[in-house]
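Here's the structure we're looking at; comments come further down.
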Amino acid sequence: MKEESPCRWHVAVLLFVVLQMGCARGLNTVTGRITPAHYRFKTVVELSKRNKLRPDGWRAVCINARITEGDSGATDVCKFEVGLPLRNEDLGDIPPEVAQRSAAITANRAAHLVLAEARPGEMIAVLCLQFKDRYEQLLKEEIAGARVSQCETEGIETVYFDIPGGLTP
């Protein structure tokens, strides 16, 4: 029987389904992904009919995603709201499919960047905060005006990712 290194563990995480940490390499292997279908945005501010050239309108969704450290079984939920403009100066009108695809691709990229650098024993709540900060930074580079924050917009859908008994796409 092969003995496992004490520095190796797994984390099942929202978009980041498995995180394997190893002492030898320094970088963790991160697999899994959230899909565009998880981003069921609701328009909360309609586009203005008079304001065709300036940023306008708003859509948002709340994501609740389970994070589980594989070896210990410690679990937490990372909750975040993703808000995007319906129109901005760079892209003009932003179709829902473009918003969903950009949000998902960027979330997976942010998760990989944060979790690849996570250290053994790092608190799940800290990883969630680091993910949200990196996600917002990257998403703003893709879609000017984007926001990643606490879930606080009334009337938007909450989508559950990797939570038993939660709603799934």
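The values are calculated or read from the model by the stated rules, or taken from the named source; none is laboratory data. What you see is a predicted model; the values in this text were computed from it and never measured. Ideal geometry is used to build each Cβ from the backbone, glycine not excepted, and the neighbour counts take in all protein chains shown.
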Got a sec? Which of Ala125, Ala118, Ala144, Ala99 is modelled with pLDDT under 85 and over 13 Å from the mean Cα position of the chain (by Cα)?
-> Ala118
Lone qualifier among Thr106, Thr75 - being free of Cβ contacts under 8 Å to residues at least 40 places away in the same chain and touching an Asp or Glu at 6+ places or on another chain (Cβ under 8 Å) = Thr106
Among the residues of region 126-141, is there at least one that is out of contact with any Lys or Arg (no Cβ under 6 Å at 6 or more places or on another chain), in a loop (DSSP other than H, G, I, E, B) and over 17 Å from Arg33 (Cα atoms)?
-> no
Within region 109-139, residues being surrounded by 15 or more Cβ atoms within 10 Å (Cβ to Cβ), out of contact with any helix residue (DSSP H, G or I) (no Cβ under 8 Å at 6 or more places or on another chain) and either small (Gly, Ala, Ser) or without any contact (Cβ under 8 Å) to a residue 40 or more places away in the chain (or both) number 3
Might you let me know whether region 48-59 holds any residue that is farther than 20 Å from Phe131 by Cβ, modelled with pLDDT under 85 and in contact with a Cys (Cβ under 9 Å, 6 or more places away or on another chain)?
-> no
Is it true that some residue in region 42-58 is hydroxyl-bearing (Ser, Thr, Tyr), more than 18 Å from Asp162 (Cα to Cα) and either touching a Gly at 6+ places or on another chain (Cβ under 9 Å) or touching a residue at least 24 places away in the same chain (Cβ under 8 Å) (or both)?
-> yes
Could we say that Leu91 is touching a Gly at 6+ places or on another chain (Cβ under 9 Å), of a type in the set (A, V, I, L, M, F, W, C) and at pLDDT below 95 here?
-> no
Quick one: which of Thr75, Thr106 is within 14 Å of the chain's Cα centre (by Cα) and not hydrophobic (A, V, I, L, M, F, W, C)?
-> Thr106
